[in-house]
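The values are calculated or read from the model by the stated rules, or taken from the named source; none is laboratory data. Quantities reported herein were computed from a predicted structural model and do not represent experimental measurements. Cβ placement follows ideal geometry from the backbone for every residue including glycine, while neighbour counts extend to all protein chains displayed. Note: areas computed on protein heavy atoms with side chains; ligands, DNA, RNA excluded. Shrake-Rupley method; radii C 1.70, N 1.55, O 1.52, S 1.80 Å.
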Amino acid sequence: MANVVVVGSQWGDEGKGKIVDWLSSRADVVVRFQGGHNAGHTLVVDGVTYKLSLLPSGVVRGGKLSVIGNGVVLDPWAFLSEVERIKEQGVKVNPENLLISESAALILPIHSELDGIRENRADGIKIGTTKRGIGPAYEDKVARRAIRVCDLADEEHLLARLENLLHHHNALRRGLGHPETNADELYAKLLEIAPKILPFMAPVWHSLNEAVRSDKKILFEGAQGAMLDIDHGTYPFVTSSNTIAGQAAAGSGMGPSALNFVLGITKAYTTRVGEGPFPTELNDAIGQRLGERGHEFGTVTGRQRRCGWFDAVMVKQAIITGGITGISLTKLDVLDGMAELKICVGYKLDGKIVKRLPAGAANQAAVEPIYESMPGWQGSTRGARSWADLPAEAVKYVRRLEELIGCPVSMVSTSPEREDVILMRDPFKA
Ligand code: GDP
Ligand code: IMO
Ligand code: MG
């Protein structure tokens, strides 16, 4: 049995979509287990680009079962429009190849609206969210008042569930100076959309366990990254779910023993989108160059991503909290032609050297990176598919990162294209 969990080890956008797509040729089932349509996963297959937010990246490759687990928050309207968009690109999506958990909590219009209201506060204090309603939807889930996918099948009780939900939301809306939401209107909207969602509904925990029993290989697709994890990330500048590999079990209904290999997707430098501390951020020509060469613009919101040097302290921490077994190092080609490369190996805080990212937001903002420098390379790594194709300095850079983060590199990605990968250790055979 070999199931693989793919997670981001930085602040998201590490290239998870590309690697999940590549690995899905070896898998039977691809499962999303947290997050929602805040994710933006890009796949490039023979020059054609696919952008996925809610649908597991395995959907693009025919013959795989795609699963949206109970840990995901699902906006039914965003789901249907993504299905339509991806169908227009020639991808098959139907209730035979895509399942949605009965227990997934729904994102409703009140959630995205509230997300937007909070982000647009007059005092400018914000998290820099994707405004997709992710945080408010998870709040309702934890508060036990969420509407879940299975509630769409229960017309009799749905209105009462909505009234209970709006009892809370309308108090909040009044306080924020916004008009109340009418339960009947929302009820009508949900009844209209229910017949389009319900055919996909399934007891996902059961289907996945059946799949494992019949020796199917499962690939879990994480969204966001370790530093956006609600517990282990740069709180409060995080997303509202656990993004680390442990969540793959809880967010899909499988036991943790089903998770055999954790592949941490790691960019060869660092990016972040939204607010929050970023010790190795470069607000100079080098940061700009990384952004331009790496096309660092958000897949979901189009926002410019902040760029900086590789932070080995942070990635090492992500490897420990996430139980990462191997790394897939992505976007190595973006560093081609740089004279010097810096790697953060520690921080200075109040005159002392620290080897861990502190937990408090103020300290996280105050740490100063301590850098080690390495020579860059002048040759090209773009499109390389074997170690032998890499310049010697690029190999040295990869090897040094492995030493610093204490984890082997299983794969290197050298372009956005599906097949441009150097494989050292196949996670499904490990
Ligand atoms: P995800 O959210 O982790 O799936 O990552 P995104 O898709 O949001 O962002 C990664 C971007 O980098 C996408 O535009 C990918 O097509 C692209 N990409 C992935 N791997 C590589 C790589 O090795 N080299 C380059 N140059 N681009 C890559
Ligand atoms: P993928 O899966 C990068 C960031 C937002 C914001 C914070 C909270 O493509 O790697 P949210 O809308 O989740 O409440 O926003 O998290 N964020 C991401 N950053 N990649 C993502 O997903 C992200 N999803 C959320 O920018 O800082
Ligand atoms: Mg992304």
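In this Cβ point-charge picture (+1 for Lys and Arg, -1 for Asp and Glu), the chain has a dipole of about 780 debye about its Cα centre. Considering only S25, V345, A361, and ranking their Cα positions along the charge dipole of the chain that arises from unit charges at the beta-carbon of Lys, Arg, Asp and Glu, the one farthest toward the positive end is V345.
Each Lys and Arg contributes +1 and each Asp and Glu -1, all at the Cβ; summed about the Cα centre of segment 105-197, the dipole is approximately 440 debye.
Hey, how many Å between the Cα centroid of segment 66-94 and the Cα centroid of segment 183-250? Their Cα centres are 12 Å away from one another. Per-residue Karplus couplings for segment 291-298, computed as 6.51 cos²θ - 1.76 cosθ + 1.60 with θ equal to phi - 60°, are listed in order as x, 6, 5, x, 6, 7, 10, x Hz, Gly and Pro entered as x.
Rolling a 1.4 angstrom probe over the protein heavy atoms with all chains in place gives the chain an accessible area of 41 Å² per residue. In sequence order, segment 72-81 has phi-based couplings of 7, 9, 10, 8, x, 6, 5, 4, 5, 6 Hz under the Karplus curve 6.51 cos²θ - 1.76 cosθ + 1.60, θ = phi - 60°, and Gly or Pro positions carry x. When the gyration tensor of the chain is built from Cα positions, what are the square roots of 5 times its three eigenvalues, in whole Å, from largest to smallest? Computed over the chain, the values are 36, 26, 18 Å.
Sequentially through segment 16-33, phi angles give Karplus couplings (6.51, -1.76, 1.60; θ = phi - 60°) of 4, x, 4, 6, 4, 4, 4, 5, 5, 5, 9, 10, 9, 9, 10, 10, 8, 10 Hz, Gly and Pro residues having no value and appearing as x. Between G8 and A226, I265, the built amide H atoms are under 5 Å apart, and every one of these is 5 or more places off in sequence or on another chain. If you run the Gaussian network model on the chain, springs between alpha carbon atoms under 10 Å, then out of R32, R145, R303 the most flexible one is R303. The residue among T129, H178, A188 whose Cα reaches farthest toward the positive pole of the charge dipole of segment 105-197, with charges on the beta-carbon of Lys, Arg, Asp and Glu, is T129.
Give the ranking of M424, M338 by solvent-accessible surface, highest area first, calculated with a 1.4 Å probe. Kindly include the intermediate steps, with their values, before the conclusion.
On the way: M424 65, M338 10 Å².
My answer, sorted largest first, is M424, M338.
Return the calculated 222 nm mean residue ellipticity for the chain, to the nearest 500 deg cm²/dmol, obtained by summing -39500 (n - 2.57) across DSSP H runs with n ≥ 4 and dividing by the residue count.
Numbers: 12 runs with 132 residues, N = 430.
Mean residue ellipticity, 222 nm, calculated: -9500 deg cm²/dmol.
Around the amide H of E102, modelled in the peptide plane, lie the amide H atoms of A202, V204, all under 5 Å away and 5 or more residues distant in sequence or on another chain. Expressed as a whole percent, the accessible area of segment 266-429 that falls on carbon and sulfur atoms is 50 (1.4 Å probe). Its relative contact order, with pairs defined as Cα atoms under 8 Å and 6+ residues apart, puts segment 105-197 at 24 percent. Simple point charges give the picture: +1 on the Cβ of Lys and Arg, -1 on the Cβ of Asp and Glu, and for segment 266-429 a dipole about the Cα centre of about 340 debye. Computed over the chain with a Gaussian network model linking Cα atoms closer than 10 Å, the most mobile of D284, D75, D311 is D284.
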